[in-house]
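Inspection log for the structure reproduced underneath, given as structure tokens.
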Amino acid sequence: MSRFPSYPIDADLILRELKSFRRELLNREDFIEKRIALLSGSTISAIKNVIELFLLRDGIQPIFHESEYNRYYEDLMFPNPELERFSPDLIYIFTSNVNILRYPGIHDSAEDVDALLASETGRYQAMWDRISSQYHCPVIQNNFEMPHYRLLGNLDAYELHGRCRYVAELNRFFAEQARVRQNLFLVDLHYLSSWFGLERWYDKTYWYMYKYAMSYEAIPHLANSVASVIKAIYGKSKKCLVLDLDNTLWGGVIGDDGLSGIQIGKETPEAEAYTEFQTYVRSLKDIGVLLAVCSKNETANAKEGFAHPDSILKLGDFASFKANWEPKSENIKRIAEDLSIGRDSLVFADDNPAERDIVRAQTPDVAVPEIGQNVTDYIHILDQTGYFESVSLSAEDVQRSAFYAGNALRKEVEGAFTNYEEFLASLQMRAEIRSFAPIYHDRITQLINKSNQFNVTTRRYTEAEVSSLAADPSVITLYGRLVDKFGDNGLVSIMIAKVQDGDLHLDLWLMSCRVLKRGMELAMFDALVGEASKRGIHTIVGYYYPTAKNAMVKGLFARVGFEKTSEDDKGNTTWRYCLSDSYTAQNLHIEVAHER
């Protein structure tokens with residue numbers, strides 16, 4: 001169990017023991033490696049070192065390229081063999097208001113101010129365009145914190161020449177660009193510095209002596225925010241919030257105090273605080289975070305609490321519900337199994353420090369924030385950890401809880417069947433399997449970067465790369481949606497295969513674990529064979545690259561009829577499937593709609 005703190009952030013501890021934490025965090029073995037270029041308008045070395053810690057903690061091992069001081073523009077806009085050889089997976093442009101070239105002067109006309117704004121924003125547009133054309137990778141960009149002083153006082157916020165107004169206009173432009181550019185992601189320096197306290201954020205002595213654009217104590221907070229965006233891009237954000245009940249979701253003990261005795265609603269300050277926390281949790285569900293209960297309680301008592309008329313959360317909001325007297329660590333393991341997600345996708349919130357410590361010790365993959373015992377701190381701590389950071393919000397995210405509610409019904413019905421094939425037939429499954437369509441590129445990218453278990457190669461692609469692959473005639477792309485009598489499962493499976501030397505090489509084959517064991521992988525393979533046959537291709541080559549999480553697909557290629565042709569000392573295998581004119585469809589239970 002790592003000593004590296006999550007939240008609250010102890011800046012002095014992190015910076016003092018940075019090397020020790022780094023050695024400790026490097027002990028794990030299941031890293032994904034990412035090449036990250038840091039292009040900065042101020043000193044960034046300490047920030048880089050702390051970003052590394054937060055990434056290592058969550059399984060990303062960064063390799064950094066660091067530009068020279070304040071040469072971020074030149075390094076991007078002019079030939080840069082060193083950066084080109086580095087071939088970054090991601091570029092982070094660290095700028096702040098110290099890098100704004102010029103603010104409006106008091107004698108500037110409205111046209112002058114507009115031209116100044118266009119010039120400033122044009123520099124960034126040129127850099128983002130250059131990254132898109134030259135490096136084809138995501139770019140993370142800071143927006144701007146507010147100025148360090150207001151020459152015009154409160155008028156500065158809205159007068160044409162005000163610095164605060166000018167920064168607000170720049171930030172508005174950056175936000176619009178992040179909305180329309182596929183691979184541009186913002187670190188909200190404006191919010192972060194405001195939350196931290198602008199007076200504490202900027203240290204003039206630190207700037208004049210070391211050229212750091214923020215104070216020493218602010219560095220870990222920024223690093224955590226940057227790392228959260230990087231983790232979200234590469235599918236490392238958490239997926240499920242597991243909650244205790246008594247004194248976590250309501251005040252009091254439901255088994256002792258009864259329904260009328262617990263604190264929830266608006267009648268007391270304590271009740272109002274729990275209501276706000278439940279509202280926050282319910283909002284997490286609305287953006288796609290799964291909710292689960294893990295409580296030491298009688299099941300009937302635990303469920304009764306949600307019958308309180310003032311409870312914001314209802315039983316139907318939870319994808320998994322464990323209330324019994326077994327160790328919470330064991331119930332948390334079962335929750336992960338119920339939802340078919342890794343334990344490292346779970347965050348456990350409990351007011352009891354002893355329970356938190358036990359879960360940390362017994363299930364070290366589970367994130368356990370130190371939320372304390374005061375409900376007024378719960379939202380702040382969970383929000384600032386960045387556990388549930390997102391870089392997009394799709395329709396699939398909004399519907400995720402409904403998908404899992406449907407799964408609960410499927411499991412209930414499954415228990416009534418003694419023959420699994422009859423159960424599958426009873427689901428009345430229908431699938432749509434087609435080439436990538438622009439409307440789904442966001443969801444496809446999200447699924448590619450989040451799927452770890454049913455994923456033969458675990459290759460990752462950005463949305464821009466997904467769009468490029470979809471437009472490439474030498475690539476076969478397939479997505480699969482699955483619907484049954486219990487509801488729509490959404491877009492759940494993806495294949496990407498490239499034609500090389502007359503063969504079809506399967507670069508990516510993945511599926512959401514929420515539709516495991518329903519035959520969707522067979523329907524996808526049938527569709528791939530059909531597309532290969534249309535092109536006159538006779539051989540499909542598959543690859544399996546083992547990771548700490550994808551053991552479930554180790555035998556996938558053998559199951560669908562591939563022959564293994566090679567295996568190296570790391571367990572990486574290559575497989576070959578020879579197509580024949582007499583191919584028999586392997587999917588037996590799903591009605592499939594293919595390309596029109």
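List of remarks:
- The set of residues from the range 38-69 being of a type in the set (D, E, K, R), more than 27 Å from Y7 (Cα to Cα) and in contact with a Leu (Cβ under 9 Å, 6 or more places away or on another chain) comprises just one member, E66.
- Y206 meets the conditions (1) under 30 Å from E463 (Cβ atoms); (2) of a type in the set (F, W, Y); (3) over 32 Å from the mean Cα position of the chain (by Cα) in every case but one. The failed one is (1).
- Some residue of the range 547-562 being outside any helix (DSSP H, G or I), touching a His at 6+ places or on another chain (Cβ under 9 Å), in contact (Cβ under 8 Å) with a residue 12 or more places away in the chain and of a type outside the set (D, E, K, R): no
- Within the range 132-166, being in a helix (DSSP H, G or I) and either farther than 30 Å from K34 by Cα or at pLDDT 95 or above (or both) holds for G153, N154, L155, D156, A157, R163, C164, R165, Y166.
- For the range 213-233, the tally of residues that are surrounded by fewer than 22 Cβ atoms within 10 Å (Cβ to Cβ) and in a loop (DSSP other than H, G, I, E, B) stands at 1.
Per-residue answers, yes or no, for (1) touching a residue at least 12 places away in the same chain (Cβ under 8 Å); (2) under 13 Å from I496 (Cβ atoms):
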| residue | (1), (2) |
| --- | --- |
| A416 | no, no |
| N419 | no, no |
| L424 | yes, no |
| E432 | yes, no |
| Y440 | yes, no |
| I444 | yes, yes |
| I448 | yes, yes |
| V456 | yes, yes |
| R459 | yes, yes |
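- Residues of the range 57-75 that turn out to be aliphatic (A, V, I, L, M) and at pLDDT below 95, as a count: 1
- Residue list for the range 567-592, filter: exposed (fewer than 12 other Cβ atoms within 10 Å of the Cβ), under 23 Å from I476 (Cβ atoms) and of a type outside the set (V, I, T): C578, S580, D581, S582, E591
- Among the residues of the range 427-439, those that are outside any loop (DSSP other than H, G, I, E, B) and over 22 Å from G519 (Cα atoms) comprise P438, I439.
- E84 under 31 Å from the mean Cα position of the chain (by Cα), among the acidic types (D, E) and over 28 Å from D203 (Cβ atoms): yes
- If you filter the range 530-545 down to residues that are of a type in the set (D, E, K, R) and assigned to a helix (DSSP H, G or I), you find that the one that is surrounded by the fewest Cβ atoms within 10 Å (Cβ to Cβ) is K534.
To keep it simple, each residue is scored yes or no on (1) touching a Gly at 6+ places or on another chain (Cβ under 7 Å); (2) among the acidic types (D, E); (3) under 14 Å from A223 (Cβ atoms).
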position: P8; (1), (2), (3): no, no, no
position: E17; (1), (2), (3): no, yes, no
position: F21; (1), (2), (3): no, no, yes
position: L26; (1), (2), (3): no, no, no
position: E29; (1), (2), (3): no, yes, no
position: E33; (1), (2), (3): no, yes, no
position: I36; (1), (2), (3): no, no, yes
position: G41; (1), (2), (3): no, no, no
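- So E33, is it acidic (D, E), surrounded by fewer than 21 Cβ atoms within 10 Å (Cβ to Cβ), modelled with pLDDT under 95 and touching a strand residue (DSSP E or B) at 6+ places or on another chain (Cβ under 8 Å): yes
- Just one of (1) at pLDDT 95 or above; (2) of a type in the set (A, V, I, L, M, F, W, C); (3) touching a strand residue (DSSP E or B) at 6+ places or on another chain (Cβ under 6 Å) fails for V375. It is (3).
- Per the listing S45, S67, the residue uniquely among the hydroxyl-bearing types (S, T, Y) and in contact with a strand residue (DSSP E or B) (Cβ under 6 Å, 6 or more places away or on another chain) is S67.
- Considering G561, G555, G530, the condition of being small (G, A, S) and within 24 Å of I32 (Cα to Cα) is satisfied by G555 alone.
- Residue among K266, K285 that is under 23 Å from L382 (Cα atoms), out of contact with any strand residue (DSSP E or B) (no Cβ under 7 Å at 6 or more places or on another chain) and of a type in the set (K, R): K266
- Set side by side, the residues S320, S283, S237 differ, and just one is within 27 Å of R443 (Cβ to Cβ) and free of Cβ contacts under 8 Å to residues at least 24 places away in the same chain, which is S283.
- In the set R163, R179, R200, only one residue is farther than 27 Å from D129 by Cβ, free of Cβ contacts under 8 Å to residues at least 60 places away in the same chain and among the basic types (K, R); that residue is R200.
- Residues located in the range 529-559, provided they are over 17 Å from T457 (Cα atoms) and not charged (D, E, K, R): V529, G530, A532, S533, G536, I537, H538, T539
- One residue from I51, I63 being in the same structural domain as R130 (by TED's automatic domain parsing), in contact (Cβ under 8 Å) with a residue 12 or more places away in the chain and surrounded by 18 or more Cβ atoms within 10 Å (Cβ to Cβ): I51
- Qualifying residue in the range 189-205 (condition: among the hydroxyl-bearing types (S, T, Y), under 16 Å from N99 (Cα atoms) and at pLDDT below 95): yes
- Qualifying residue in the range 529-546 (condition: closer than 24 Å to E422 by Cβ and of a type in the set (S, T, Y)): no
- Filter result (within 32 Å of the chain's Cα centre (by Cα), under 26 Å from M429 (Cβ atoms) and not small (G, A, S)) within the range 550-586: N550, M552, V553, K554, L556, F557, R559, V560
- Selection from the range 503-551 of residues that are of a type in the set (S, T, Y) and in contact with a Gly (Cβ under 9 Å, 6 or more places away or on another chain): S512, T539, Y544, Y545
The values are calculated or read from the model by the stated rules, or taken from the named source; none is laboratory data. This structure is a prediction, so every number in the text was calculated from the model and none was measured. Every residue, glycine as well, gets a Cβ built from its backbone with ideal geometry; the counts of neighbours run over all protein chains shown.
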